[in-house]
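Below is one structure, written out as structure tokens, with a few remarks after it.
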Amino acid sequence: MRLITHNMLQCHVKGCTKDNFPLKLEEIEIEELEAEFNADFIKSMLNRLDWKALAQTTFSLGIAQLPEEMPEELSDEMLEQLHHILLEIDITSGRMVCQGCNHVYPIRNGIPNMLLTESEV
Amino acid sequence: MLPTPDLSHLTSQDYRNVYEPSEDTFLLLDSLEEDQEYIKQLKPKICLEIGSGSGCVITFLGQIVGKNSVYITTDINPEAAKITQKTGKQNNIKIDAINTDLVNGILPRLENSIDIICFNPPYVITESSDINSSLIAASWAGGIKGREVTDRVLPYIPKLLAPGGSFYLLLIQDNKPQEIVEIMESYNLKYQLIKKRKAGIEQQFVLKFTKPL
């Protein structure tokens, strides 16, 4: 699971509506990928991202210190950094913890498990 | 003609756990191929396949769209999620597979965000209790009218689609496609029949529903 995908996942436990995004990554293992850089693609993805969640996640992982709000103009350097953060960091194992209800979603073989038990749905 | 994704990495053991691409899968591939000019001009940023099974369909979509998109898949079957990821890798398409039921865990975050959604649902008429009775049953057992799983997905589609985005859905005659068209039109989605084909006694259809810009 790349960080771009982490940026799309949220807790869906019944009744959990507060602090359910982003899910906090814990005890993760990372594999670095190599992806072709395309500035236009990164730019076109910006309006599909939740910037605050990305800034929070990359800061807590110690990967990057992004500005809290999305800058109006992005430098080439910033686009390259975003490319690396979003597309080249693959989380192979670990867990995602909801900051609202503490539900744990495991990640194994690079795949997040978002399944809930019947009582949680 | 575009090549069918390379599935040579999959073994008979894998097909005990995931649906082996069949006539229905190929009808969906042919539909995407026929619609490829439309798909390309959409310049999709995020593509989603619900219930990806072997990963054949999303990989084929990836071959059409190219590298500049994110491909996410869901499957309730953890083996399918693993195999989908492998199929992507085998064909040089990066897929982020998620082990989840239908679209659980991506809403409301991905509201108005997905350009292309594909779904080849479990469409066979069965007892309701057969749905999810095993990993492999989840790939085909559709309950009453073969519609129980599909009907759960439909209300999420207008939420997930980006303006101008499209949903490709495979159905058979028993599923009463006309009823589904009515449901989707009530959500203000535009309907188009892409393909129909007879496979044995089964009349199969691929329908496309598009969200207005």
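Within the range A:15-35, the set of residues being within 11 Å of chain B (Cβ to nearest Cβ) and under 19 Å from B:GLU111 (Cα atoms) comprises A:THR17, A:ASN20, A:PHE21, A:PRO22, A:LEU23. Taken together, the residues in the range B:131-155 that are assigned to a loop (DSSP other than H, G, I, E, B) and in contact (Cβ under 8 Å) with a residue 40 or more places away in the chain amount to 4. Scanning the range A:35-77 for residues that are over 20 Å from A:LEU25 (Cβ atoms) and among the polar types (S, T, N, Q) yields A:ASN38, A:SER44, A:ASN47, A:SER75. When the range B:40-57 is filtered for residues that are within 15 Å of the chain's Cα centre (by Cα) and part of a helix (DSSP H, G or I), the ones remaining, listed by number, are B:CYS56, B:VAL57. For the range B:13-23, indicate whether the set of residues that are open to solvent by 60 Å² or more (accessible area, probe 1.4 Å), without any contact (Cβ under 8 Å) to a residue 12 or more places away in the chain and more than 26 Å from A:ASN38 (Cβ to Cβ) is non-empty. Within the range B:13-23, one or more residues are open to solvent by 60 Å² or more (accessible area, probe 1.4 Å), without any contact (Cβ under 8 Å) to a residue 12 or more places away in the chain and more than 26 Å from A:ASN38 (Cβ to Cβ). Residue count for the range B:52-64 under the criterion of being within 14 Å of chain A (Cβ to nearest Cβ) and buried (at least 24 other Cβ atoms within 10 Å of the Cβ): the result is 3. The residues of the range A:58-84 that are farther than 17 Å from B:LYS45 by Cα, aliphatic (A, V, I, L, M) and open to solvent by less than 40 Å² (accessible area, probe 1.4 Å), listed by number, are A:ALA64, A:LEU66, A:LEU74, A:MET78. Tell me which residues, restricted to the range B:91-130, are part of a loop (DSSP other than H, G, I, E, B), open to solvent by 20 Å² or more (accessible area, probe 1.4 Å) and more than 14 Å from every other protein chain (Cβ to nearest Cβ). Passing the criteria: B:ASN91, B:ASN120, B:ILE125, B:THR126, B:GLU127.
Considering only residues in the range A:39-52 that are in contact (Cβ under 8 Å) with a residue 40 or more places away in the chain and at the interface with another protein chain (Cβ under 9 Å from one of its Cβ atoms), the one that is least open to solvent (accessible area, probe 1.4 Å) turns out to be A:MET45.
Taking the condition under 25 Å from B:LYS43 (Cα atoms), open to solvent by less than 80 Å² (accessible area, probe 1.4 Å) and touching a Leu at 6+ places or on another chain (Cβ under 7 Å), does A:ALA55 pass? The answer is no for A:ALA55.
All of B:TYR156, B:TYR187, B:TYR191 fail the test of being under 19 Å from B:ASP101 (Cβ atoms) and open to solvent by 20 Å² or more (accessible area, probe 1.4 Å), apart from B:TYR156.
Search the range A:93-110 for residues being farther than 25 Å from A:LYS18 by Cα and within 11 Å of chain B (Cβ to nearest Cβ), and hand back the single one that is most open to solvent (accessible area, probe 1.4 Å). My answer is A:ARG108. For the range B:195-202, the condition of being outside any helix (DSSP H, G or I), open to solvent by 10 Å² or more (accessible area, probe 1.4 Å), β-branched (Val, Ile, Thr) and at pLDDT 95 or above holds for none of the residues. Scanning the range B:65-90 for residues that are assigned to a helix (DSSP H, G or I) and open to solvent by less than 10 Å² (accessible area, probe 1.4 Å), we see that the one that is nearest to A:LEU86 (Cα to Cα) is B:GLY88.
The values are calculated or read from the model by the stated rules, or taken from the named source; none is laboratory data. Computed from a predicted structure; not experimentally measured. Because the Cβ atoms are built from the backbone with ideal geometry, glycine has one as well, and the counts that use them run over all protein chains shown. SASA here: full protein model, heavy atoms, side chains in, ligands and nucleic acids out. Shrake-Rupley method; radii C 1.70, N 1.55, O 1.52, S 1.80 Å.
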